[in-house]
Amino acid sequence: MEQKKETLLEIHNLSVSFRMYDHGLEQTNLRVISDLHLTVRPGEIVAVAGSSGSGKSLLASAILGILPSNAVVCGHLHYKGRELTGQLQKELCGKEIALVPQSVAFLDPLMKVGAQADGHYRPKLTEKRRKLFERFHLPGHTEDLYPFQLSGGMARRVLVSAALVTDAELIIADEPTPGMSLDQALEALRMFREMADEGKAVILITHDIDLAFEFADTVAVFYAGTTVETAPASDFKKGPAALRHPYSRALWEALPQNGFRPIPGFQPYAGSLPKGCLFAPRCPYKTEKCGNQIPPVREVRGGEVRCYRAK
Amino acid sequence: MKGMSGWLIRIFAVNSIKIISLLLAVSIISFVLVSASPVDPVRQYILGLGTAVSLEQRAEIESYWGIDEPPAERYLGWLFEVLNGNLGESAIYRRPVADIIGERFWNSLALMLCAWILAGGIGFVLGCVMGMYRNRLPDRILKKVCYLLSTVPAFWLGLLFLLVFSVRLGWFPVGFSSPIGVPGADVSIWQRLYHLILPAVTLSLMSFANIALHTRQKLADVLDSDYVLFARARGEGQWTILRRHGLRNILLPALTLQFASFAELFGGSVMAENVFSYPGLGSAVADAGLRGDVPLLLGVTLFSALFVCAGNMMANLLYGVVDPQIREAGK
């Protein structure tokens, strides 16, 4: 059913590298995202899960067009069927595509939060923002506070208000839950669920994968800068048997409530990616083929996976 | 607002206590230094009289001045007089030190104020330009200019200016604060300003590079910050970011730097005033030092300490007015 819905954002074969200067003038390209696929539909929360350094936050920057100037982007990004070029990003960012940043550090320390949530938009959106503050139970005087006077939960609600004030259709929330109590995290995630139910699309970049399973519709598992598996969130609730990629299963099993079992090895550094499947060096089932060729994306049981073995 | 004025009063009181204790320390140290120096105030005084003085008369002056009293007693005596507003009489000008300071301070203040505004204004604007065009051509050129200016000694630059603009081109007067041969009362403000331009520009060149480079670095830090990244993610353009976030965040360090530069400014004015024969406090202190005028030297030292402290206090007060984090924490 969901497949039939019109897609809002489609990412195809996205690669991001950084131009670096090694010794003197020798230039190298450090590839941090490779051949990434992601599809986002209206009314849907797509959780992007993966460990630190898997390229999650860079994905957000790539969509918004705010990568550092030494970044090179290849591949296709389509928004509502239109190629998302730098020009289009400039037009859409902050209007149709909004970012909910990680923390209060993304607020100007010397500006009152009301004015910051209003943004630079003309005409002013103060009235609308006041309604949002009210909806999120922020007391009336909040708008006159400075970021350092906010509690963690208040800051979160201010940041979400700043995204919603624009009527954005696609909301990218970058690690919204770390440092929050469980109650606060649940409240934040409920907020995103509410947004999705209103017809917006949400990309939820997160570490807290167990929370993500609860609130997301789809979960994309990132490993070393690519999506190894994209599956309905319900599969993650069912357990490892329903999953398709050995890394997704390993993630599931590493959760405290599921046995807390880590797998040996570590995620490869962007400068030394293996030739074939990025997970092959740690994979207990690897074959010769895995070491030579990156597995293509395949549809398996209603999800997408990059693994020769998945059935 | 009530909290705000309460905060101001408190900061003002705390700073005043600090200033008073600092002035006391400065007075003790300079008094000790002058006592230990080879300068003999009695000899200088007698030289200044211009008439021969017999040994008995000299001994009389010495005992009248209390030269043979213990230093602590002399210091306390001097301090008591200073607190009563009597800074003594200058040995070279034969007039009360307070009058000389009062007169010359206005000349110096005009000079320093012009230089200060010039340096602050130009430095801030150039720093912003450099920060916005970071590592691009305008930034690279301006940065080299700043490095050059901050390494060149100010007095040398002053001499160069005199040579080029006053002697060769004849655009500006060669020195002094007013035209020669015109009674002081007849000198117009324009003539005074005209005489002020070259020394003020020289003095401002001393500190503007510093302010520009600091502003550039601070703006670069701000542009690399997470909140600017967020602003960009919301579609704010370069100049909107400068207006909404940049200025707000760099103004504070720039202001502090600007007010903290009072000390450099005063030091620089000694150079500039001497090169341009400008009759301000700076040239008075140089004269007093060279010709052993102890009362004038001590008077100007105390006064300049007060001046620099006032600058720092203004920086502290402004910091609180501009930065909500400090203001709120002070409540």
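The values are calculated or read from the model by the stated rules, or taken from the named source; none is laboratory data. Treat the numbers as computed from the prediction; the structure is a model and nothing was measured. Every residue, glycine as well, gets a Cβ built from its backbone with ideal geometry; the counts of neighbours run over all protein chains shown.
One table, with the values for the structure above:
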{"read-out": "Residues satisfying the stated conditions in region B:128-160, i.e. more than 16 Å from B:Met206 (Cβ to Cβ), in a helix (DSSP H, G or I) and touching a helix residue (DSSP H, G or I) at 6+ places or on another chain (Cβ under 7 Å)", "value": "B:Cys128, B:Val129, B:Met130, B:Gly131, B:Met132, B:Pro138, B:Asp139, B:Leu142, B:Lys143"}
{"read-out": "Enumeration of residues in region A:190-212 that are more than 26 Å from A:Gln89 (Cα to Cα) and modelled with pLDDT of 85 or more", "value": "A:Arg190"}
{"read-out": "B:Glu81 farther than 25 Å from B:Leu281 by Cα and not in a loop (DSSP other than H, G, I, E, B)", "value": "no"}
{"read-out": "Selection count, region A:94-121, where residues are crowded, with 19+ Cβ neighbours inside 10 Å, more than 7 Å from chain B (Cβ to nearest Cβ) and part of a loop (DSSP other than H, G, I, E, B)", "value": "1"}
{"read-out": "Breaking point among (1) without any contact (Cβ under 8 Å) to a residue 40 or more places away in the chain; (2) surrounded by fewer than 22 Cβ atoms within 10 Å (Cβ to Cβ); (3) within 14 Å of chain A (Cβ to nearest Cβ), for B:Leu290", "value": "(3)"}
{"read-out": "Candidate set: region B:260-284, residues that are assigned to a helix (DSSP H, G or I) and surrounded by fewer than 20 Cβ atoms within 10 Å (Cβ to Cβ); chosen: the one nearest to the other protein chains (Cβ to nearest Cβ)", "value": "B:Ala260"}
{"read-out": "Residue in region A:122-142 that is within 21 Å of A:Glu194 (Cβ to Cβ), of a type outside the set (Ser, Thr, Tyr) and within 12 Å of chain B (Cβ to nearest Cβ) present", "value": "yes"}
{"read-out": "Some residue of region A:147-163 being more than 13 Å from chain B (Cβ to nearest Cβ), among the aliphatic types (A, V, I, L, M) and outside any helix (DSSP H, G or I)", "value": "no"}
{"read-out": "Output for region B:53-68, where each listed residue is polar (S, T, N, Q), part of a helix (DSSP H, G or I) and at pLDDT 80 or above", "value": "B:Gln57"}
{"read-out": "Any hit, region A:157-168, residues being under 30 Å from A:Arg122 (Cα atoms) and in contact with a His (Cβ under 8 Å, 6 or more places away or on another chain)", "value": "yes"}
{"read-out": "Residue within region B:73-83 that is at positive phi and surrounded by fewer than 18 Cβ atoms within 10 Å (Cβ to Cβ) present", "value": "no"}
{"read-out": "Filter pass, B:Ile117 being at pLDDT 80 or above, under 16 Å from B:Leu296 (Cα atoms) and either in contact with a strand residue (DSSP E or B) (Cβ under 9 Å, 6 or more places away or on another chain) or β-branched (Val, Ile, Thr) (or both)", "value": "no"}
{"read-out": "Check on B:Ala233, hydrophobic (A, V, I, L, M, F, W, C) and either more than 20 Å from B:Tyr147 (Cβ to Cβ) or modelled with pLDDT under 90 (or both)", "value": "yes"}
{"read-out": "All positions within region B:200-258 that are facing chain A (nearest Cβ under 9 Å) and either over 24 Å from A:Phe106 (Cβ atoms) or outside any helix (DSSP H, G or I) (or both)", "value": "B:Ser225, B:Arg234, B:Gly235, B:Glu236, B:Gly237"}
{"read-out": "Residue match in region A:71-93 (condition: touching a residue at least 40 places away in the same chain (Cβ under 8 Å), closer than 20 Å to A:His207 by Cβ and either away from chain B (no Cβ under 14 Å) or in a strand (DSSP E or B) (or both))", "value": "no"}
{"read-out": "Filtered residue count, region B:320-330, keeping only those that are crowded, with 18+ Cβ neighbours inside 10 Å and away from chain A (no Cβ under 11 Å)", "value": "1"}
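Conditions tested, residue by residue: (1) closer than 30 Å to B:Glu73 by Cα; (2) in contact (Cβ under 8 Å) with a residue 40 or more places away in the chain.
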| residue | (1), (2) |
| --- | --- |
| B:Leu8 | no, yes |
| B:Ile19 | yes, yes |
| B:Leu22 | yes, yes |
| B:Ala25 | yes, no |
| B:Pro38 | yes, no |
